[in-house]
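Asker: Before anything else, here's the structure in question.
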Amino acid sequence: MADLKRTQLSVHQERAVLVGVILPDSSADPRDPLGELTSLAKTAGARSVALVLQRRQRPDSSSYIG
């Protein structure tokens, strides 16, 4: 395969799956609990392709992501 010149390369937009948990004492906006995370992803140049949200009584190590 021939080497591509820089002008021939295309850069795809980074994609992100946003994941959050809402605990009973959460201060997140109940109408938009992932709003801040969505804004951070957008600022970083990522496109949110999925949102995953859980309501839990307490953190559970079996469902940690990261």
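Asker: Out of everything in region 12-53 that is among the polar types (S, T, N, Q) and either in a helix (DSSP H, G or I) or at pLDDT 90 or above (or both), what residue ends up being surrounded by the fewest Cβ atoms within 10 Å (Cβ to Cβ)? Show your work before the answer.
Answerer: Narrowing region 12-53 to residues among the polar types (S, T, N, Q): 13, 26-27, 38-39, 43, 48.
If we keep only those that are either in a helix (DSSP H, G or I) or at pLDDT 90 or above (or both) as well, we get 38-39, 43, 48.
Details: T38: 17, S39: 11, T43: 8, S48: 14.
Out of the qualifying residues, it is T43.
Asker: Considering each of L40, L18 in turn, give the residue that is out of contact with any Gly (no Cβ under 9 Å at 6 or more places or on another chain), of a type in the set (A, V, I, L, M) and free of Cβ contacts under 8 Å to residues at least 12 places away in the same chain.
Answerer: Working: L18 fails: free of Cβ contacts under 8 Å to residues at least 12 places away in the same chain.
After ruling out the rest, the residue left standing is L40.
Asker: Same structure again: Could you check region 47-66 and list, in sequence order, the residues that are basic (K, R) and more than 11 Å from the chain's Cα centre (by Cα)? Even if it seems obvious, please write down each step before you answer.
Answerer: Taking region 47-66 as the starting set, the residues that turn out to be basic (K, R) are 47, 55-56, 58.
Those that are basic (K, R) and more than 11 Å from the chain's Cα centre (by Cα): R55, R56, R58.
The values are calculated or read from the model by the stated rules, or taken from the named source; none is laboratory data. Model, not experiment: these values are computed from the prediction. Positions of Cβ are generated from backbone atoms using ideal geometry, with glycine treated the same way; all protein chains shown enter the neighbour counts.
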